[in-house]
Amino acid sequence: MSLLISRRDLDFQLYEWLDVESLTSRDRFGAHSRETFDGLLDLSEQLATEYFAPHNRAGDVSEPTFDGERVTLIPEVGEAIQAFAAADLLAAPLPEDQGGFGLPGTVYSACMMLFGAANAATAGYQMLTLGNARLLLAHASPEQVERFVPPMLAGRFTGTMALSEPHAGSNLADITTRAEPQPDGTYRIFGQKMWISGGDHEMTENIVHLVLAKIPGGPPGTKGISLFIVPKYLVSDDGSLGERNDVVLAGINHKMGFRGTVNTAPSFGSGAFSPGGEKGAVGYLVGEPHRGLAYMFHMMNEARISVGMGATALGYTGYLKSLEYAKDRLQGRGIGEPPESPQVPIISHADVRRMLLAQKAYVEGALALGLYAGRLVDELDSADGEDPDDLQLLLDVLTPIAKSWPSQWCLVANDLAIQVLGGAGYTRDFDLEQHYRDNRLNPIHEGSHGIQALDLLGRKILGTQGRGLMRLLAEMNTTAERAEAAGGEAAELGAQLRASATRLAEVTAAVGTLPDVTPMLANASAYLDAAGHLVIAWLWLEQYLAAVGKEGAFYDGKRQATRYFFRWELPKIQPALDVLASGDDTTLAMQEDWF
Amino acid sequence: MKIAVCVKQVPDTWAEKKLTDADRTLDRESADGVMNELDEYAVEEALLLTEASGGEVVAVSMGPDKAEETVRKALQMGADSGIHIVDDSLHGSDAIATSLVLSKVLADKGFDLIIFGSESTDARMSVVPAMVAERLGVPQMTFANKVEVAGETLKIQRQTEYGYDEVESSTPAVVSVVEKINEPRYPSFKGIMAAKKKPIETVTVADAGVDAGQVGLAAAWSQVDQFSERPPKAAGVKIEDDGSGGVKIAEYLSEQKFI
Ligand SMILES: Cc1cc2nc3c(=O)[nH]c(=O)nc-3n(C[C@H](O)[C@H](O)[C@H](O)COP(=O)(O)OP(=O)(O)OC[C@H]3O[C@@H](n4cnc5c(N)ncnc54)[C@H](O)[C@@H]3O)c2cc1C
Ligand SMILES: Cc1cc2nc3c(=O)[nH]c(=O)nc-3n(C[C@H](O)[C@H](O)[C@H](O)COP(=O)(O)OP(=O)(O)OC[C@H]3O[C@@H](n4cnc5c(N)ncnc54)[C@H](O)[C@@H]3O)c2cc1C
């Protein structure tokens with residue numbers, strides 16, 4: 001059995017619960033069937049197993065090096081990039097009229113999780129390249145698309161997203177990289193970026209940077225940020241590579257995890273090269289001036305959901321590995337057993353089962369959230385009678401949760417997986433410590449946990465006068481009704497969900513009446529925690545309902561994990577909600593000099 | 001060039017194989033079915049040959065309903081069409097019956113080459129290619145680690161224990177390949193989607209012009225009367241190294257007739 005992601009669970013969630021086959025009745029996905037979905041899942045599992053997993057450790061131990069001029073990576077990364085592109089895996093989710101294969105994003109993200117579980121760092125290059133290509137397809141001119149997208153899909157170029165700067169991470173309004181307009185309509189870019197993943201390497205012919213910069217004289221803040229294509233090598237009209245552009249590295253960052261994805265500090269227009277005999281890095285404006293951040297945000301929902309899925313993938317594979325270990329490791333005896341009796345596998349100890357069950361509840365719950373959000377994106381992309389504004393409202397409110405909840409709790413799952421292995425888990429002989437280090441990135445990038453909390457409570461809930469929350473609660477209500485109709489244990493779970501959802505609604509109303517916005521948002525992360533756990537409880541109930549009337553160990557496991565979540569986890573939201581309801585100001589009132 | 005590739009569905013190479021209690025044949029339900037690994041090399045060779053000089057590749061499989069997956073896999077890799085020979089009467093067929101049915105289906109279809117993997121991981125007999133060649137009355141060019149076709153001349157390097165023989169024949173011919181010959185491709189997503197539209201013809205024993213009495217378990221020349229489970233692995237022997245560990249290991253290996 002593969003220790004990446006359980007294929008049985010993927011099949012259950014995709015087909016038995018979310019019924020992704022029904023998407024094939026929509027025009028956009030009409031070329032597909034269960035056969036193509038399964039074909040791509042099989043292919044992904046094979047490629048992930050053969051081209052990605054084997055160098056996961058090597059990429060971590062032999063992290064990228066920079067000699068002042070060139071970045072060197074282990075060669076397996078390049079081979080993996082080529083195998084991935086050759087299998088059409090970059091083009092798979094794009095619509096057919098954009099050179100793709102029209103695969104539903106839900107199925108695609110399930111496939112990508114297999115790569116993320118096998119080797120998160122190497123998969124990072126593909127994810128960035130695809131994000132870059134998608135942004136160009138949505139907003140660049142046909143000529144720009146023609147020049148840069150096909151080589152990316154073919155594995156000849158990779159892409160980056162160059163937003164952050166040393167002094168502007170969470171707050172992009174303060175970036176200082178500038179773009180000087182040229183008489184020929186191009187721009188020259190000058191500035192220093194920071195944290196840019198995949199910012200230099202020699203595994204592909206070229207690198208396409210998507211750079212946020214300000215055109216002098218534009219409006220201040222986020223409304224004055226534009227988006228530019230800045231290739232490492234200029235590309236001629238016939239597609240051949242020309243002069244080296246003035247993009248060089250000031251250095252690379254040495255990270256805790258995700259080490260195989262080289263992380264760089266690129267300088268634009270530092271004078272290392274003079275393309276066309278002029279100063280500055282040549283850049284091409286994407287779309288209209290000053291709309292750069294809006295274009296980026298357009299991609300943000302999907303990017304954030306995919307960070308959550310990446311976190312889930314690492315949590316999931318850690319769970320399966322600790323489960324396998326627990327079945328084999330003999331240690332101790334049942335309480336009260338005589339010392340001469342044989343030792344038992346640790347999985348028979350209740351506390352080890354607790355750690356495994358918690359992991360199962362977190363990772364399978366997080367998977368459900370990612371796939372559910374993916375399905376909403378698919379429905380939006382293929383609108384078939386639904387009201388797109390309504391779907392968007394639901395997707396918007398779920399997105400910060402889909403990014404943050406898995407990033408937080410699948411990291412806890414990795415922590416528990418280490419614990420299950422005992423001393424062995426703390427060594428580098430097992431993958432778990434690396435999964436933990438790799439996964440630790442996810443609450444930081446693509447908007448940190450704190451920023452997601454502000455987004456959820458500030459923009460998505462209070463900013464919509466509660467409409468976003470009402471939309472989400474309506475969905476939970478429908479599930480609770482189905483559960484109540486099913487009767488028995490399902491009905492009890494449904495009632496518990498309904499009670500918790502009602503409490504969240506009441507508390508939200510109370511927060512909304514606080515005198516001004518600072519105290520309203522002060523406890524946003526407690527809000528994110530509570531809303532996140534409630535959403536996962538809801539999705540466990542959904543899985544429970546999809547298993548009603550079905551027998552066997554797999555379904556029994558789903559039922560038991562639902563019980564675990566409702567008995568052990570869901571009640572944890574109450575203290576967080578109490579803090580919110582009371583308008584508690586403990587953190588706000590804390591003074592700097594009291595620390 | 002028109003090439004047939006024979007592909008067989010076998011239980012997953014790494015899965016534990018079981019016999020059924022009912023009739024002591026292989027339990028094909030107990031493990032996932034996959035394309036026999038050496039047959040992937042056969043498909044790859046057929047694709048390489050037709051990519052170089054044009055032509056078509058037909059994937060042929062005899063097996064239960066599920067074996068259609070294996071024909072489909074060959075189509076995903078790039079074969080143009082498939083033939084699936086499926087019939088309840090085939091259950092339990094031996095190599096003699098299998099070669100009879102395959103040769104009937106393959107005869108008179110104008111194939112220049114019929115390519116096989118040199119053995120299957122479940123039966124491991126390595127005889128079906130030779131039997132099919134014999135029945136069709138064409139040269140058998142087995143254990144090839146290199147294949148070249150020029151006009152109507154076929155040249156192979158036939159792998160031997162210490163190197164290879166160069167062997168030449170006319171076409172049509174039957175070829176079986178060993179794993180040194182190439183590196184089988186993965187299907188691409190484009191291939192997976194294209195395969196949906198490629199035709200698979202279903203053929204019964206009657207369609208093949210074979211009498212059902214000549215095939216299946218009852219007609220098999222050898223049958224399993226009885227079987228027992230492999231005994232569980234005995235505990236290994238531990239040798240403490242008190243300075244004479246090397247000698248003790250050598251003695252043990254010699255006792256077991258390894259050295
Ligand atoms: C491995 C890695 C890869 C990355 N890849 C890329 C990439 O490819 N492209 C790219 O552009 N960027 C990339 N980043 C940058 C990443 O997006 C930033 O690290 C992130 O946005 C946080 O910014 P920062 O590091 O400057 O932290 P800061 O913004 O300094 O934040 C520090 C802390 O303060 C909190 N905080 C900040 N502002 C507020 C606020 N207003 N309210 C409440 N809390 C606040 C944050 O939550 C955080 O906990 C990467 C980062 C890492 C570590
Ligand atoms: C860095 C490091 C330094 C160390 N230094 C020393 C040292 O100097 N001297 C020394 O003697 N040892 C040392 N140790 C060993 C350490 O004490 C053991 O790792 C620890 O006791 C756990 O044992 P284990 O690793 O064999 O895990 P196991 O005993 O196999 O435990 C694995 C998991 O099963 C659980 N489990 C096991 N039995 C039961 C039970 N009966 N009921 C419920 N759950 C159970 C555990 O809680 C754990 O989660 C060190 C370990 C490390 C990692």
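The values are calculated or read from the model by the stated rules, or taken from the named source; none is laboratory data. Note that the structure is a prediction, hence the values are computed from the model and not measured. Every residue, glycine as well, gets a Cβ built from its backbone with ideal geometry; the counts of neighbours run over all protein chains shown. Note: accessible area is taken over every heavy atom of the protein model, side chains too, but ligands, DNA and RNA are not part of it. Shrake-Rupley method; radii C 1.70, N 1.55, O 1.52, S 1.80 Å.
Relative to the longest principal axis of the Cα atoms of chain A, helix A:524-546 runs at roughly 60 degrees. Round to a whole angstrom and tell me the spacing of the C-alpha centers of the stretch A:283-346 and the stretch B:1-62. The stretch A:283-346 and the stretch B:1-62 have Cα centres spaced 36 Å from each other. Using the beta-carbon distance between B:Ala234 and A:Gln82 and R0 = 35 Å, what value does 1/(1 + (r/R0)^6) give for FRET efficiency, to the nearest 0.05? In this case the efficiency is close to 0.15. Across chain A, the mean sequence separation of Cα contacts (distance under 8 Å, 6 or more residues apart), normalised by length, yields a relative contact order of 12 percent.
Of the residues B:Tyr162, B:Tyr186, B:Tyr41, the one that moves most in a GNM of chain B with alpha-carbon contacts below 10 Å is B:Tyr162.
Diagonalising the gyration tensor over the Cα atoms of chain B and scaling each eigenvalue by 5 before taking the square root yields semi-axes of 36, 25, 19 Å, largest first. Beta bridges per DSSP, both residues in chain B: antiparallel share near 40 percent. Taking the C-alpha atoms only, the angle from helix A:300-328 to the longest principal axis of chain A is near 50 degrees. Each other residue within a Cβ distance under 14 Å of B:Ile249 adds +1 if Lys or Arg and -1 if Asp or Glu, for a net charge of -3. Take every pair of alpha-carbon atoms less than 8 Å apart whose residues are at least six positions apart; their mean separation over the length of the stretch A:341-483 yields a relative contact order of 26 percent. Other residues whose C-beta falls under 10 angstrom from the C-beta of B:Ser120 contribute a net charge of -2, scoring Lys and Arg +1 and Asp and Glu -1. Debye calculation, C-alpha points only, no solvent: report log10 I(q)/I(0) for the stretch A:1-106 at q = 0.13, 0.18, 0.20, 0.24 Å⁻¹, in the same order as the q values. The computed values of log10 I(q)/I(0) come out as -0.63, -0.97, -1.08, -1.29.
Between B:Ile239, B:Ile83, B:Ile181, the Gaussian network model of chain B with springs among Cα atoms under 10 angstrom shows the greatest mean-square fluctuation at B:Ile239. Global dimensions of the stretch A:390-532 from alpha-carbon coordinates: Rg and Dmax equal 18.3, 55 Å. Interface of B with A. Using a 1.4 Å probe and counting protein heavy atoms only, the two chains hide about 1200 Å² of accessible surface, both sides summed.
Each residue, A:Asp390 and B:Ala150, gets one label point 7 Å from its Cα in the Cβ direction; the gap between the two is 7.2 nm. Rounded to 0.05, the FRET efficiency of the A:Leu241 and A:Arg70 pair, given R0 = 22 Å and the Cβ-Cβ distance, is 0.85.
Annotation for A:Glu340 and B:Asp32: the two label points, set 7 Å from Cα along the Cα-Cβ direction, are 4.7 nm apart. Taking a straight line from the alpha carbon of B:Lys248, these lysines sit under 17 Å away, with near neighbours fewer than eight places off in the same chain left out: B:Lys238, B:Lys257. Between A:Ala486 and A:Phe273, the contour length at 0.36 nm per residue exceeds the Cα-Cα span by 69.8 nm. Using r as the Cβ-Cβ distance of A:Thr586 and B:Thr160, and R0 as 56 Å, what FRET efficiency do you calculate, to the nearest 0.05? Given R0 = 56 Å and the Cβ-Cβ separation, E is 0.10.
Peptides A:310-318, B:197-205 ranked from most to least packed give A:310-318, B:197-205, packing being the mean of other C-beta atoms within 10 angstrom over each peptide's residues. Expressed in units of 2.2 N^0.38 Å, where N is the residue count, the Cα radius of gyration of the protein assembly as shown is 1.08. When the accessible area of the stretch A:99-194 is computed with all protein chains present and a 1.4 Å probe, what percentage of it is carbon and sulfur? Accessible surface attributable to carbon and sulfur in the stretch A:99-194 totals 56 percent. Spin-label model, A:Asp593 to A:Glu205: label points 7 Å out along the Cα-to-beta-carbon direction sit 6.4 nm apart. Calculated on the alpha-carbon coordinates, the convex hull of the stretch A:448-586 measures out at 101 cubic angstrom per residue. Summing charges over all other residues whose Cβ lies under 10 Å from the Cβ of A:Ser348, with Lys and Arg as +1 and Asp and Glu as -1, gives +3.
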